[in-house]
1. Test of understanding: express the Cα radius of gyration of region B:1-100 as a ratio to 2.2 N^0.38 Å, with N the residue count.
2. Hey, in the GNM for chain A with a 10 angstrom Cα cutoff, which one of A:103, A:49, A:250 fluctuates hardest?
3. Count, for each residue of A:30-39, the Cβ atoms from other chains sitting within 10 Å of its Cβ, then give me the mean as a whole number.
4. From the Cα trace of chain A, what convex hull volume per residue do you get, rounded to a whole Å³?
5. Per residue of A:249-255, count partner chain C-beta atoms within 10 Å of its C-beta, then hand back the mean as an integer.
6. Would you please classify the overall shape of region A:1-142 from the alpha carbon gyration tensor, given that a ≥ b ≥ c denote the square roots of the eigenvalues, rounded means a/c under 1.5, and beyond that prolate means a/b larger than b/c while oblate covers the rest?
7. Take the Cα radius of gyration of the protein assembly as shown and divide it by 2.2 N^0.38 Å, with N its residue count; two decimals is plenty.
8. On alpha-carbon atoms, Rg over Rh for region A:129-285 using Kirkwood Rh?
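Since every read-out is calculated from the coordinates, none of them should be taken as a lab result. Quick caveat: nothing in here was measured; it's all calculated off a predicted structure. Every residue, glycine as well, gets a Cβ built from its backbone with ideal geometry; the counts of neighbours run over all protein chains shown.
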């Protein structure tokens, strides 16, 4: 039962950033590979303020929201300014840059040791109740994403991803949409980080390295880019696979490599299946 | 200071090998290969396995490593690049991420996480003009220069090189003149794989091979390609040396006599180069112009 609750908690925690990322990369086709840059800024601001400076959780959460909004706005601006592949590489570089700062600014972030002893408060101590709160929040988040996906924002995003010039000629503001989707993905990162750190009671910088980002890409590509339902199902299945692989009887030192190979193959097969729709060709007359 | 320059030259030789091949591939195909670091390591690990485990002579082991690099890049091009890049040039970015994961897993399965060194003896440092470097490092620097000279001769002094440069400038125009561009695409990708394998052998001889090196190697090579001007081979090679030197200077110098930058920030130099160039000069230092009608 405890393990089942753990799986449910991990699914809920991952759904926040994955669905936010789906809006950016899946629906908007914006070549963004720096979602974890937003997560690093959000979660470290929150935890440094609460655990090191002993500020109240509410105020720290507000500061983290401000910090992640600034990073999201910067990313939105960069996505408008750069070529798609240039932005893709820059977003990876930004994420690694933030990670390097976190790893080396030991007096504040405690470097590779991470931040330990994170209190569960203000969330309930009982695991069952905490997981229930996470499930409710995740359901609410899925509903929000579904509403956005089917609203005028979703349609405009889809039109813009297919052909930016034609979309803008129809009066769609590219700048407005990029700001909205990056802010939403930033909020997803913050919520995920807030739940995850309180759930595990520990923050490790290794949870925010590039392989973590690849997991988001995999969930979006496998689930059908832009589809809230598909990405939700893919996230559930991939988390179950990731956590469940340790029960197939492999020696402990083989689990990591086998997981890498398996997930690499899944990503490749997903791209192969979706090679015509992942980055759609522009329609011409 | 001279020691820092020598260190920069050693690290730059390694980066130049990898970035040179990458720049050529990017110039022609316009695709990013995010599994490049893993391809570098496979070349190095194969050489280590042949020499240290199978007892094959060093020369044959190096040839084996380069051959594996060629075979691997041929397979990668056929499976992970060709079926995708004609549909959309961003697709290989995602397929090579998948390839990187697969190769990471295979490297961990086959060679574990322990550091592996191709040469374990004969690394006694030699004093040279007040600096220290060992014999394998001297040989590697000279071999890199030789390899780059050979590369320059092929590119600029042979008919094959002229065809290559024609394909770099304009794919379809070259094909209309009877140049078999798809064959050259494959050959260039294989050449880039061989250069990457040489980089891996360089690491294995000079230092230790470790699975964690893969991604930083890829990032450094891309920093050189972006700073040098996308597709400009010589620009990328020059910038690979410049970035390596900058990395040494950033952590090796006490700035203004007091400021000391921790060694952990060394890897951020390449990241900063990527960010600054993409923001301020996205065409790179030596941008090459495409001829148009």
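1. That works out to 1.27 for region B:1-100.
2. Largest GNM mean-square fluctuation: A:250.
3. 1
4. 132
5. 1
6. Because a/c hits 1.5 or more and a/b fails to exceed b/c, region A:1-142 counts as oblate.
7. Output field value: 0.99.
8. Across region A:129-285, the Cα-based Rg/Rh ratio is 1.01.
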